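Have a look at the structure below, then the notes.
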Ligand code: DP6
């Protein structure tokens, strides 16, 4: 039986993607820049089979997750120009980090699936093609194909080929992201739904489109310069501007809980006390605090002392998606 196994890591956006220029092709309307994280992984196994089936964290899954997973396999098959019907596959995927940790598990899931399916189907596509196809299913997953600091441009309407691109490798800068977990539940409004509602109804969305490219440029420059004092304020500006648009959607989307706000204030107090600590939040109530390795333990300790913070997770830049096991295949010409 043809079987391939691949691993990928989640990523956290320092410059946020929020909003699509082309929904059908899943083209982002703003540029984003993320850090791929070490230590947390999704491992995905693709085995050619009689019929398509999906198991997520040990549970049979259908509906939207299965539709998205097998849509990715279709895209790989078409992209490689293979003739005939796509072989069916049994896919199973497991995260070694809690899905409720607020770390985008879809990013690592589709990145691992792209790499494992490419090997199992013998489509032998280059990484940038896999990144572009994973991006079509979930844009943040296009970034998890690569390790370290990774950018994803805003595409043109109708962009077909739009891969993420590496900006700097994982060992370029010893940043830490300390996740303050503030709730155990799954989020109410997923990121796709949240950004679509924002695009359609927020009166502030135009302001986000106008502001995001310059914030992205500040973040990219600060990463390349390894300058935390330039990076931090721009990271907070990206998250706060994104959340301002979500808050002003109709009905307003409030991803934060009370602890989220307490942590944001505490992070700013840490800075007044001389700690280089800056917050960012995604489509959920957890706060990710960006700091330097030399201060990370102190930041984590201070975060755990805030009532409502359930625990912290320490993350650092890590590598890209890769095959762990699978048949050898020849590159597609
Ligand atoms: C807030 O990549 O999950 O995490 O393309 O619709 O699947 P789809 O959205 P997704 O959105 C991620 C949004 C974010 C910011 C980011 O990761 O850039």
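Please build a GNM for the chain, connecting alpha carbons under 10 Å apart, and tell me which residue among 236, 128, 67 fluctuates the most.
So, out of 236, 128, 67, the one fluctuating most is 67.
Rounded, prolate or oblate for segment 1-99? Axes are the square roots of the Cα gyration tensor eigenvalues, ordered a ≥ b ≥ c, and the cut-off for rounded is a/c under 1.5. Present the calculation step by step, with values, prior to reporting the outcome.
Details: a/c = 2.03, a/b = 1.29, b/c = 1.58.
Oblate, since a/c reaches 1.5 and b/c is not below a/b.
Just to be sure I understand: of the beta bridges DSSP finds with both ends in segment 3-169, what percent are antiparallel, rounded to 5? Don't skip to the answer; put the middle values down first.
Numbers: 29 of 33 bridges.
If I count the DSSP bridges inside segment 3-169, around 90 percent turn out antiparallel.
For the chain, what is the calculated [θ] at 222 nm in deg cm²/dmol (nearest 500), taking -39500 (n - 2.57) for each run of four or more DSSP H residues and dividing by its residue count? Kindly include the intermediate steps, with their values, before the conclusion.
Values: 9 runs with 124 residues, N = 333.
So the helix-based figure for the chain works out to -12000 deg cm²/dmol.
Pick out which of 286, 265, 322 has the largest mean-square fluctuation in a Gaussian network model of the chain, springs linking Cα atoms closer than 10 Å.
The residue that fluctuates most here is 265.
Report the residues of segment 193-208 in range of a label on residue 250: point 7 Å along Cα→C-beta, backbone N strictly under 12 Å from it.
Zone members listed by number: 200-204.
What percent does the relative contact order of the chain come to when contacts are Cα pairs within less than 8 Å and at least six residues apart?
Values: 782 pairs, mean separation 87.2, N = 333.
Worked out over the chain, it gives 26 percent.
Does anyone have the angle between helix 258-272 and the longest principal axis of the chain? Alpha-carbon axes, 0 to 90°, nearest 10?
With both axes taken from Cα atoms, the answer is about 60 degrees.
Antiparallel as a % of all DSSP beta bridges within the chain, to the nearest 5?
Values: 47 of 51 bridges.
In the chain, approximately 90 percent of DSSP beta bridges are antiparallel ones.
If you wrap the chain's Cα atoms in a convex hull and average its projection over all directions, what's the area in nm²?
Numbers: hull surface 65.2 nm².
Convex hull of Cα atoms, orientation-averaged projection: 16.3 nm².
With springs only between Cα atoms under 10 Å, which of 267, 290, 189 fluctuates most in a Gaussian network model of the chain?
189
Suppose a student asked you for the relative contact order of segment 3-169, using Cα pairs under 8 Å spaced at least 6 residues apart; what percent would you report?
Details: 398 pairs, mean separation 52.1, N = 167.
For segment 3-169, the relative contact order is 31 percent.
Cα axis of helix 191-201 to longest principal axis of the chain: angle in degrees, 0 to 90, nearest 10?
Once rounded, one gets 70 degrees.
Given a cut-off of under 8 Å on Cα pairs at least six residues apart, what relative contact order in percent is computed for segment 233-333?
21
For segment 240-291 and segment 32-70, what is the centre-to-centre distance using only Cα atoms, to the nearest Å?
29
Kindly provide the pair-distance distribution of segment 3-169 built from C-alpha pairs, with 10 Å bins from 0 and whole-percent values in order of increasing distance.
Taking all Cα pairs of segment 3-169, the binned fractions are 12, 42, 36, 10, 0 percent.
Calculate how steeply helix 63-79 sits against the longest principal axis of the alpha-carbon atoms of the chain, using the helix alpha-carbon long axis, and give the answer as 0 to 90 degrees to the nearest 10.
The helix 63-79 is inclined about 60 degrees to the chain.
FYI, it's all coordinate maths here, none of it is from the lab. Keep in mind that what you see is a predicted model, and the values were worked out from it rather than measured. Glycine also receives a Cβ, built like all others from the backbone with ideal geometry; neighbour counts cover every protein chain displayed.
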